[in-house]
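The values are calculated or read from the model by the stated rules, or taken from the named source; none is laboratory data. Not measured: the values here are computed from a predicted model. FYI the Cβ positions are ideal-geometry reconstructions off the backbone, even for glycines, and counts take in every protein chain you see.
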Amino acid sequence: MPKKTDASNPRFHYEIWSGPLPDFGVQRKAICYVENHNASCGYAELALDFSYAANLLIEEYRKTRLGNWMAPIAHISRQVIELRLKALMDSIKVLDNSFDTTLLGGHNLESIWSACHTWLLRRSYKLQEDARLEMTEHLISAFHEIDPSGDLFRFGVSRRTAFNKQKSYDRVDIEVDLFEQEFEATQGLLHHWEAVVFRENMKRKLGWTKDPLFDADNFPRRP
C-alpha cells in the first residue's frame with residue numbers, strides 16, 4: 001500500500017528564503033507549496049488568472065471548432081464568473097459587516113448575483129446605468145439554468161435533469177460570438193463594481209474625500 005501523505009507533510013513544502021524544509025529531499029517535485037510571504041490571493045486575483053485561460057480556450061476553439069472543448073470552455077468561464085461574483089460579495093462584506101455572505105460557500109451564481117445586485121441598488125450605486133447589465137444578467141441566468149450546481153461541465157454529467165434524463169455536457173451548445181460578448185461584458189461589469197466597493201472601503205480607511213487613482217463613474221452607460 002502506498003504511504004499515506006499528511007496534508008502538512010514537509011516533503012512538499014518550500015520556504016522561499018530558507019529553501020526546502022528538511023524532509024523535502026533531493027528529488028524535484030512537480031508540485032510543491034511555497035511560502036513566499038506575499039499577501040494571500042483572493043477571489044479577484046484568481047478570477048483574473050482563470051480569465052486568461054478561458055480567453056485562450058475560446059480563441060483556440062474559434063480555430064478548431066472541436067466540440068469536445070465545450071466543457072472546458074464552459075467550466076472555466078463559469079469559474080471566472082463565480083470568482084468575480086464572490087469577489088464582489090467579499091468586498092461588500094468588508095464595507096458592510098451586516099451583509100450576509102453565507103452564499104460564498106456555494107456555487108449558485110444567480111443567488112450570489114441577486115444578493116449583490118440588491119445591495120448595490122439599495123446603496124444607490126449606479127449599477128442600473130451600466131450598459132453591460134443586460135448581457136451580464138443574461139449570461140448569469142443561462143449558466144444558472146443549464147448548470148445551477150456547477151457540476152455539469154466539471155464532471156460531464158450533472159445531478160440535474162432535463163428532458164427526463166440527467167444532463168450531459170455534450171448536449172450543450174455555445175454560440176461563440178454571442179458568448180464571448182456576454183462573457184467580456186460580465187467580467188467587465190463585475191470587476192468594475194467590485195473595484196468600486198473595494199476602493200470605497202479604502203477611501204474610508206484612509207480618510208480620502210476623493211479617490212486619487214480610481215474613477216467609480218468610468219463605465220459604459222446605457223444609451
- What number of residues in the stretch 91-119 are more than 17 Å from the chain's Cα centre (by Cα) and polar (S, T, N, Q)? 3
- Message: Condition first: surrounded by fewer than 19 Cβ atoms within 10 Å (Cβ to Cβ) and hydroxyl-bearing (Ser, Thr, Tyr). Now tell me which residues in the stretch 44-60 satisfy that.
- Response: 52
- Query: Pick from 122, 159: which is at pLDDT 95 or above, at negative phi and not acidic (Asp, Glu)?
  - Reply: 122
- Task: Using the structure shown, decide if residue 219 is part of a loop (DSSP other than H, G, I, E, B) and modelled with pLDDT of 90 or more.
- Result: yes
- Message: Restricting to the stretch 13-45, count the residues that are outside any loop (DSSP other than H, G, I, E, B) and either among the charged types (D, E, K, R) or assigned by TED's automatic domain parsing to the domain that holds residue 81 (or both).
- Response: 4
- Filtering the stretch 135-174 for residues that are under 15 Å from residue 81 (Cα atoms) and surrounded by fewer than 12 Cβ atoms within 10 Å (Cβ to Cβ) leaves a count of 1
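Mind counting the residues in the stretch 159-195 that are polar (S, T, N, Q) and within 23 Å of residue 92 (Cβ to Cβ)?
First pass over the stretch 159-195, keeping only residues polar (S, T, N, Q): 161, 164, 166, 168, 181, 186-187.
Narrowing the set further to residues that are within 23 Å of residue 92 (Cβ to Cβ) leaves 186-187.
Matching residues across the stretch 159-195 total 2.
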- Message: Among the residues of the stretch 69-81, are any more than 17 Å from the chain's Cα centre (by Cα), part of a helix (DSSP H, G or I), in the same structural domain as residue 181 (by TED's automatic domain parsing) and surrounded by 10 or more Cβ atoms within 10 Å (Cβ to Cβ)?
- Response: yes
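If you check 115, 185, which single one turns out to be surrounded by 13 or more Cβ atoms within 10 Å (Cβ to Cβ) and closer than 18 Å to residue 58 by Cα?
Values: 115 fails: closer than 18 Å to residue 58 by Cα.
That would be 185, the only listed residue that is surrounded by 13 or more Cβ atoms within 10 Å (Cβ to Cβ) and closer than 18 Å to residue 58 by Cα.
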- Message: Condition check: assigned by TED's automatic domain parsing to the domain that holds residue 115 and either hydrophobic (A, V, I, L, M, F, W, C) or free of Cβ contacts under 8 Å to residues at least 24 places away in the same chain (or both). Does residue 147 satisfy that?
- Response: no
